[in-house]
Amino acid sequence: MASQTLASEPPAATLERLGAQFEAYRISRNLTQEDLAKAAGLSKNTVINLEKTGAGTLDSVLRVLDALDLKDRLFLLVPDTKVSPLDPLGGQRQRASRNKKKPVRTVRWGDEQ
């Protein structure tokens, strides 16, 4: 699905689609809801609710992802920040500092030493 469709989709619809994907993946692995609940350490009703509505606690989602061997994919949601080769500072950020005025040194012609 195109990202602009996801952006305009209400959260409840996105959660329902997520729940449907959990269900489809579980079925493709030939697991019952009871099997998944037991592997995830959750109640069967929690798995049923997660698949039906997509709603659940983050803990429940993590447990289901772990039981389905999908936990590592969670980090695809928020990409890791890497140093860009185009970053002129090479990933080193300068610390924000207060506007301290440094003394201005005036050099006049003939004063060089």
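If you go through segment 29-47 one residue at a time, do you hit one that is touching a residue at least 12 places away in the same chain (Cβ under 8 Å), surrounded by fewer than 15 Cβ atoms within 10 Å (Cβ to Cβ), on the phi > 0 side of the Ramachandran plot and in contact with a helix residue (DSSP H, G or I) (Cβ under 7 Å, 6 or more places away or on another chain)?
Scanning segment 29-47 turns up at least one residue that is touching a residue at least 12 places away in the same chain (Cβ under 8 Å), surrounded by fewer than 15 Cβ atoms within 10 Å (Cβ to Cβ), on the phi > 0 side of the Ramachandran plot and in contact with a helix residue (DSSP H, G or I) (Cβ under 7 Å, 6 or more places away or on another chain).
Can you tell me which of Lys100, Lys82, Lys71, Lys44 is modelled with pLDDT of 95 or more and of a type in the set (Lys, Arg)? Show your work before the answer.
Details: Lys100 fails: modelled with pLDDT of 95 or more; Lys82 fails: modelled with pLDDT of 95 or more; Lys71 fails: modelled with pLDDT of 95 or more.
Checking each option against the conditions leaves just Lys44.
The values are calculated or read from the model by the stated rules, or taken from the named source; none is laboratory data. This one's a predicted model, so the numbers in the text were calculated from it and none came from an experiment. Ideal geometry is used to build each Cβ from the backbone, glycine not excepted, and the neighbour counts take in all protein chains shown.
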